[in-house]
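To start, the structure itself, in structure tokens.
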Amino acid sequence: MKELFELIKDLGMVPTLAIEDAKDAANIAKALNNASLPLMEVMLRTESGFEAIHRIAKEMPKFTIGAGTVLSCEQAKKAIDAGASFIVSPNFNEEVVRFCTGKNVTIIPGCTTPTEIDAARKMGIQIVKYFPAVPLGGVESMKLLAGAFPEVRFIATGGITREHLKTYTKNAKIIAVGGGFMVDKSAIKNRDFVALEQYIKETVADQLNFTIQHVGINAKDLTEAAETTNALCDLLGLPSREASKSLFAGNLFEVMKFKFYGENGHVALGTDDVPRAYAFFQRKGMSFIEDTKAYDEDGRLEVVYLKETFGGFAIHLLKNPKK
């Protein structure tokens, strides 16, 4: 259960789809997986739902597949038998919750009122689905509920679009948003899975919003660093400032006072969400220099260097400045 919720939190998104033709299920899952979204909730709103879950579980055993819109214990059992590793219900149904917990299968019930959240909490559930999020007041409503139940976290679904995404995921009480906005339904209809994969990649890119924040230059000592910084400031009309390990020419260049990471220097790769970018690169097989981690005042990761270098340049993640 903990591993599932860590994955959901790292992704920040839960693709929720009603699959019309089970023959497409594995290809949709492969497109998600290739785009670094290795998880999907198949809603039981079509006759193909159970078969779609079965095909994905059989063909892609490492892909995390769940069943959504589960309204009864019978549906939950059938979904689990088909290969679902988690169950999502649109409402709080005590019988379904007890059935799933008895089977040691993660259940994410829909809870939108203090009464429902309290009932779920008393049954040991701390992560609930908030549906439909937008019509029920969105982030502000969940903030109010979280004030009364500080240990509870939400997965928000219903009416959320790409444009809404970061409004929700930047709130610490909302571990992810669910929906179909991260996939191109016309690509699925046309069975253009290459286009589908590209669309999902663009959604992930929108979420992380990678930018170049500055370029780092290695100098051999403080004297050389000062000469380089002054030359850049004179050339570009930039102000200089000093940090403990470096000198800055505006916000464009960081000149290190000594040989630092990267043969040629480094690139500060900005992102709107450093912890999720960290997880994104890990899913792609990248590793990090763990002792370069730095955290903000809230304990969230804000800086870390990748072990891999590119063209002689090291890369470190850095949170994008607020607009």
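The values are calculated or read from the model by the stated rules, or taken from the named source; none is laboratory data. Values in this document were obtained by computation on a predicted structure and should not be read as measured data. Cβ coordinates were reconstructed from backbone atoms using ideal geometry, including for glycine residues, and neighbour counts include every protein chain displayed.
Would you confirm, using the coordinates I've provided, whether Pro275 is more than 12 Å from Val215 (Cβ to Cβ), surrounded by fewer than 20 Cβ atoms within 10 Å (Cβ to Cβ) and at pLDDT 95 or above? Walk me through it before giving the result.
Numbers: more than 12 Å from Val215 (Cβ to Cβ): yes; surrounded by fewer than 20 Cβ atoms within 10 Å (Cβ to Cβ): yes; at pLDDT 95 or above: yes.
So Pro275 passes the test.
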>> The conditions are (1) farther than 30 Å from Phe5 by Cβ; (2) touching a Ser or Thr at 6+ places or on another chain (Cβ under 9 Å), and Lys201 fails exactly one of them. Which is it?
In response: (1)
> Within region 111-133, can you find the residues that are surrounded by fewer than 17 Cβ atoms within 10 Å (Cβ to Cβ), assigned to a helix (DSSP H, G or I) and touching a helix residue (DSSP H, G or I) at 6+ places or on another chain (Cβ under 8 Å)?
Replying inline: Pro114, Ala119
> Are any of the residues in region 250-257 exposed (fewer than 13 other Cβ atoms within 10 Å of the Cβ) and not small (Gly, Ala, Ser)?
Replying inline: no
> Among the strands (runs of 3 or more DSSP E) confined wholly to region 235-323, which include 2 or more residues that are more than 23 Å from Lys220 (Cα to Cα)?
Replying inline: 265-271, 288-295, 301-310, 313-319
> When you go through Arg300, Arg283 one by one, which is the residue that is among the basic types (Lys, Arg) and either modelled with pLDDT of 95 or more or over 27 Å from Pro38 (Cβ atoms) (or both)?
Replying inline: Arg283
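Being out of contact with any strand residue (DSSP E or B) (no Cβ under 7 Å at 6 or more places or on another chain), closer than 22 Å to Lys143 by Cα and not acidic (Asp, Glu) is the filter here; which residues of region 98-122 pass it?
Answer for region 98-122, where residues must be out of contact with any strand residue (DSSP E or B) (no Cβ under 7 Å at 6 or more places or on another chain), closer than 22 Å to Lys143 by Cα and not acidic (Asp, Glu): Thr113, Pro114, Thr115, Ala119, Arg121, Lys122.
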> For region 134-228, list the helices (runs of 4 or more DSSP H) that sit wholly inside it and hold at least 1 residues that are surrounded by 16 or more Cβ atoms within 10 Å (Cβ to Cβ) and at positive phi; which are they?
Replying inline: 138-148
